[in-house]
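What follows draws every value from the coordinates through simple rules; no lab data is involved. Bear in mind the structure is a predicted one, so any value in this text is a computation, not a measurement. Every residue, glycine as well, gets a Cβ built from its backbone with ideal geometry; the counts of neighbours run over all protein chains shown.
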Amino acid sequence: MNPHWNGQFSCFNLVAKTDEKVRTVVQVGELCIGGDQFVVMAGPCAVESEQQLITTAEAIAAAGARILRGGAFKPRSSPYSFQGLGLVGLKLLDKARRATGLAIVTEVMSPEDVGLIAEYADIMQVGTRSMQNYALLEALGKCGRPVLLKRGMTSTLEEVIAAVPVLKAVSHLPVIVDPSHAAGLRSLVPVLARAAVVVDADGLLVEVHPCPDKALSDGVQSLTFTDFQEMMDDLRPYIAMRSCARGVRPHLLSRVEVT
Ligand code: MN
């Protein structure tokens, strides 16, 4: 594979796909991201309460998700919007991890918070507004945790390096699709999730809330537990086809019994 795809990606040698470096598999506990498994990350936009988070974690684990998402530090367009629970939210994420065995992905907004969040998160998420916060990116590079870098809303193809097949063609890094923020509307999320599987993304990041109408952020695009279960059931044959195309047995999205 030519790492200088279309002549536009010459400055990304470290992440370029080459004959020697075809893919990077990110290990999170026993979970492999970027391998043959399709990994689903799901949970509320923001951590709001213990009950909200634990019930969501149990529901998504039962439906086959492997990683719990939830913002404790929230970048909001309005200063009057809910800004997140901060450290209390991180402690709730840790509690949910211990209760369900799910790994945790949560957003970090400032370089000063990197050390604290790295104590709680299995994966550090860089939000779309922070994609070009270079001080934050430098601090994350030293934190020892995997980083989920979200595409900046106005970033160019070269800045994101954008379209899933292009990313997969030029880079060895895993690509995760966020159908919730891409759609902005609950009803459009499942079909975009299906598309993500078909274009060979490595996983999904999906917003799920026990009662989306009462969510403190992004309720309009959040799935209910039932919606999420139905989406996961819908994805099953597509994931099986993806596995077939790769010549591996589909071992994904098997439902887990949560007691
Ligand atoms: Mn959100």
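Are any residues in the range 187-218 on the phi < 0 side of the Ramachandran plot, within 16 Å of the ligand (Cβ to nearest atom) and not aliphatic (A, V, I, L, M), and if so, which ones?
Of everything in the range 187-218, those that are on the phi < 0 side of the Ramachandran plot, within 16 Å of the ligand (Cβ to nearest atom) and not aliphatic (A, V, I, L, M) turn out to be GLU207, HIS209, PRO210, CYS211, PRO212, ASP213, LYS214, SER217.
ALA72 versus (1) surrounded by 21 or more Cβ atoms within 10 Å (Cβ to Cβ); (2) of a type outside the set (Val, Ile, Thr); (3) within 16 Å of the ligand (Cβ to nearest atom); (4) closer than 30 Å to LYS168 by Cβ: which is the lone unmet condition?
So ALA72 meets the others, but not (4).
Collect the residues in the range 40-74 that are part of a loop (DSSP other than H, G, I, E, B) and over 14 Å from the mean Cα position of the chain (by Cα), keeping them in residue-number order. I'd like the intermediate steps shown before the answer.
First, the residues of the range 40-74 that are part of a loop (DSSP other than H, G, I, E, B): 44-45, 47-49, 64-66, 70, 72-74.
Answer for the range 40-74, where residues must be part of a loop (DSSP other than H, G, I, E, B) and over 14 Å from the mean Cα position of the chain (by Cα): VAL47, GLU48, SER49, GLY64, ALA72, PHE73, LYS74.
Going through the range 174-186 one residue at a time, which ones are away from the ligand (no atom under 16 Å from the Cβ) and polar (S, T, N, Q)?
In the first step, residues of the range 174-186 are kept if they are away from the ligand (no atom under 16 Å from the Cβ); the result is 174-175.
Within the range 174-186, none qualify.
Go through the range 219-238 and count every residue that is in a helix (DSSP H, G or I) and either among the β-branched types (Val, Ile, Thr) or more than 16 Å from the ligand (Cβ to nearest atom) (or both). Let's see the steps before the verdict.
Our first condition is that a residue be in a helix (DSSP H, G or I); within the range 219-238, this holds for 219-221, 225-238.
In the following step, the residues that additionally are either among the β-branched types (Val, Ile, Thr) or more than 16 Å from the ligand (Cβ to nearest atom) (or both) were identified as 220, 225-226, 229-238.
Adding up the residues that qualify gives 13.
Looking at the range 16-34, is at least one residue of a type in the set (Gly, Ala, Ser), on the phi < 0 side of the Ramachandran plot, within 16 Å of the ligand (Cβ to nearest atom) and touching a helix residue (DSSP H, G or I) at 6+ places or on another chain (Cβ under 8 Å)? Walk me through it before giving the result.
First pass over the range 16-34, keeping only residues of a type in the set (Gly, Ala, Ser): 16, 29, 34.
With the extra rule that they be on the phi < 0 side of the Ramachandran plot, the set shrinks to 16.
Within this subset, residues satisfying the condition of being within 16 Å of the ligand (Cβ to nearest atom) are none.
No, because not a single residue in the range 16-34 is of a type in the set (Gly, Ala, Ser), on the phi < 0 side of the Ramachandran plot, within 16 Å of the ligand (Cβ to nearest atom) and touching a helix residue (DSSP H, G or I) at 6+ places or on another chain (Cβ under 8 Å).
Just give me the residues in the range 187-202 being among the charged types (D, E, K, R) and surrounded by fewer than 19 Cβ atoms within 10 Å (Cβ to Cβ), in sequence order. Step through it out loud before you land on a result.
Our first condition is that a residue be among the charged types (D, E, K, R); within the range 187-202, this holds for 194, 200, 202.
Once the filter is applied, which keeps residues that are among the charged types (D, E, K, R) and surrounded by fewer than 19 Cβ atoms within 10 Å (Cβ to Cβ), the range 187-202 yields ARG194, ASP200.
Conditions (1) within 19 Å of VAL208 (Cβ to Cβ); (2) out of contact with any Cys (no Cβ under 9 Å at 6 or more places or on another chain); (3) basic (Lys, Arg); (4) surrounded by fewer than 19 Cβ atoms within 10 Å (Cβ to Cβ), marked per residue:
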site	(1), (2), (3), (4)
SER81	no, yes, no, yes
LEU87	no, yes, no, yes
LEU93	yes, yes, no, no
ARG98	no, yes, yes, yes
GLU112	no, yes, no, yes
SER130	no, yes, no, no
LEU148	yes, yes, no, no
ALA169	no, yes, no, yes
